[in-house]
1. Read phi for every residue in segment 84-98 and hand back ³J(HN,Hα) as whole Hz from Karplus 6.51 cos²θ - 1.76 cosθ + 1.60, θ = phi - 60°, with x for Gly and Pro.
2. Over 32 Å between Cα atoms, which of K19/K80; K19/K152; K85/K170; K85/K145; K80/K100 qualify?
3. Give me a comma-separated list of calculated 3J(HN,Hα) values for segment 39-48, in order, Karplus coefficients 6.51, -1.76, 1.60 applied at θ = phi - 60°, integers in Hz, x for any Gly or Pro.
4. What does the highest-first list of 87-94, 27-34, 142-149 look like by mean Cβ count within 10 Å?
5. Show the residues, 5+ positions off or on another chain, whose built amide H is closer than 5 Å to the amide H of D69.
6. Given H placed on each backbone N at 1.01 Å, which residues far from N31 in sequence or on other chains put an amide H within less than 5 Å of it?
7. What distance in nm lies between label points placed 7 Å from Cα along the C-beta direction at S76 and N64?
8. How do C137, C95 rank when sorted from fewest to most other Cβ atoms within 10 Å of their own Cβ?
Amino acid sequence: MVRSTHGTKQTTQTIADWKIQLQVLFRLSSNITIIGIGHPFRGDDYIGSFILKELKRSSKIPVNVQLLDAEDSVESIISKLVKLKPEHVIFVDACEMNLKAGGICLMPMAATEYPFFTTHGIPLKLLSKQILPESECWILAVQPKQVEFSDKLSPEVRRAGLTISEYVSKLLTGIAN
């Protein structure tokens, strides 16, 4: 889970905002990697992996898009990322943004904080700067409701995850509007 430095400034962001931003990224990029992150036993923290699993299950993936599910080990995908040399990287993760549970935001990685303690072995912002200096990195974030020990997503976060996976699936097949 990541922290946003501007969540309180964007509490009025609408769903259309992140959708429009994603649509622009997909149109402009010839090489996108989407990475799902989340611990399967930390409740809503699992949302990034949940979304990636939904995309893999329900989408036809174009050749210029790579889907990687890191679950709770971002380190496990570093070598793949280096080989792919993506133009854009979209990390999908739970993020504390001071929004209502299930709130969605797409932001540049530079707009996030990485405290000494993080739920990832390597903070995503540090990974972006050190391993992916040539890539433009983003985080598609979902506000969690709970991250205690649980193998279930809260209803609000699950709905947000399904909304994201359905929309990204449409982008992947070229039918989003």
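Read the figures in this text as sums done on the coordinates, not as results from a lab. Keep in mind that what you see is a predicted model, and the values were worked out from it rather than measured. For neighbour counting, all protein chains shown are included, and Cβ atoms are generated from backbone atoms with ideal geometry for every residue, glycine included.
1. Karplus-based 3J(HN,Hα) across segment 84-98 equals 6, 6, x, 6, 10, 10, 10, 7, 10, 7, 6, 8, 6, 10, 6 Hz.
2. K85/K145; K80/K100
3. Once θ is set to phi - 60°, the couplings for segment 39-48 become 8, x, 10, 10, x, 5, 4, 6, 4, x Hz.
4. 87-94, 142-149, 27-34
5. Here G36 satisfy the definition.
6. Sorted by chain and number, the residues that satisfy this are E87, H88.
7. 3.0
8. Ranked by crowding around the Cβ, least crowded first: C137, C95.
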